[in-house]
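Comments concern the structure below.
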Amino acid sequence: MDNISKKNSGLETAYKTLKEMASARKAWWKTTEGENHAKRLELDKAVVKSFCDEILSEENNALLRALEQRPWLLIEILFTIVDKNARTVPFFLNDVQAEFIVIIEKRGFNKLHPYVILKGRQQGFTSLITAIQLSFMICRENFSGLTLADVSNKTIELFEKKGKQVYERISDERFKPKKVRDNLNMLSFAQPN
């Protein structure tokens, strides 16, 4: 019983550390506002790399276990996105997205009770769901994600503009699974299966 308590305590500490990494990246990004955007992106890659080094270090395997349990924590640490001004920026959750993550944290995932999101436009849900799916692909074996739209050509457009975009912009290759299939309908990875 004592072992389980220690393991849970270690995971809670790891969750806290991962959230602190995301907060540190946000704080750093904000302090560089007004500087050359290309330079900011290069420096952001260095920030991301340092976090990835820490996550992957042997003495911190609790961080990997925590990401396996809550893969979405990787989004604000590692991912970038194209904003409404067509600029690549770190993927920081907006208020609506953060609220949805709180719901996930409380409810979790259950195949028998999926999330059905009736969403308004321009809230970033398509980008968020895509990022969540990608984080699961990176952190868990045998994960499959599916995104649908009301008509097939919109589904393809969403996949091309949102689905692949987050994957292609992962700057740390250690967290970028190798593609084995990439077409209009599917993106498959060799590892982690």
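Here is how the numbers come out for the structure above:
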{"quantity": "When residues of the stretch 6-47 are limited to those that are under 20 Å from the mean Cα position of the chain (by Cα) and among the acidic types (D, E), the one farthest from F91 (Cα to Cα)", "calculated": "E12"}
{"quantity": "Hits in the stretch 58-71 (condition: out of contact with any Asp or Glu (no Cβ under 9 Å at 6 or more places or on another chain) and at pLDDT 90 or above)", "calculated": "A62, L64, R65, L67, E68, Q69, P71"}
{"quantity": "Failed item in (1) within 22 Å of S127 (Cβ to Cβ); (2) surrounded by 13 or more Cβ atoms within 10 Å (Cβ to Cβ), with R65 passing the rest", "calculated": "(1)"}
{"quantity": "Matching residues in the stretch 24-53 - criterion: being open to solvent by less than 70 Å² (accessible area, probe 1.4 Å) and small (G, A, S)", "calculated": "A24, A27, A38, A46, S50"}
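The values are calculated or read from the model by the stated rules, or taken from the named source; none is laboratory data. Since this is a predicted model, take the numbers as computed values, not measurements. Don't worry about glycine lacking a Cβ; one is built from the backbone with ideal geometry, like all the others, and counts go over all protein chains shown. Accessible surface areas use protein heavy atoms only, side chains included; no ligands, DNA or RNA. Shrake-Rupley method; radii C 1.70, N 1.55, O 1.52, S 1.80 Å.
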